[in-house]
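Data block below; observations after.
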Amino acid sequence: MTQKTARDGAPRQLTVGEVAERSGVAVSTLHFYETKGLIESSRNRGNQRRYPRSILRRVAVIKVAQRTGIPLGEIAEALSVLPHDRPLTAKDWKKLSATWRHQLDERIARLTKLRDQLDGCIGCGCLSMQECPLRNPLDALGAEGPGARLLEPGAS
Ligand code: FES
C-alpha cells in the first residue's frame, strides 16, 4: 500500500521508478529531462533520486509539448520560470499552451509553404541551385546572378 506521507510527516516523495510507471516515461528519459533542467530531484540519505508528486504533472506537460513538436530546449526555457516544488496550475498551463499554440501555428505555416514548394518539385528532379526553392530557399545572392558572388565581388 502506498503511503501518502513519510515517517517524519513530510509528503512522501516518489522514486524514479514510480515516476516512470505513473507517467509512462522511461527512467532513462527522466534522467535525460533532468540533465536538461526540465525536472529536478532531491537525493535521499542513500543518494537516490526522489521527486515530489508534482513532477507527474510537469512530465505530462513536457510530453504534450513534445507531441506538438516543441523542441526540448524551448520547453525547458518555458518551464524554467515555474517553480519545481509545486504542481503546475491551470493558469500555468494556459500560459504555456498559448505560447506553444502560436509556435505551432508558425510551424504549420512553414510546413504548408514547404509542402506547396515540394508540389512544384514533384516530377522535376532538377534540384537546381537557381530554380529549386527547396534546394536553395534563402538564396538572396542568387538573384544577383550565377557564380560565387561573395568570392568574386563584381563578377557577372
Ligand atoms: S527539383 Fe526542380 S524545382 Fe525543385
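Simple spin-label model, 7 Å along Cα-to-Cβ: Ala76 to Glu131 in nm?
Placing both labels 7 Å beyond Cα along the Cβ direction yields 4.4 nm.
Quick check on the exposure proxy: order Ser41, Ser28, Ser54 from fewest to most C-beta atoms within 10 angstrom.
Details: Ser41 20, Ser28 10, Ser54 17.
Listing Ser41, Ser28, Ser54 from fewest to most nearby Cβ atoms yields Ser28, Ser54, Ser41.
Here, each number is a calculation from the coordinates, and none is a lab measurement. This is a predicted model, so every value here is computed, not measured. No Cβ is skipped: glycine too gets one built from the backbone with ideal geometry, and neighbour counts run over all protein chains shown.
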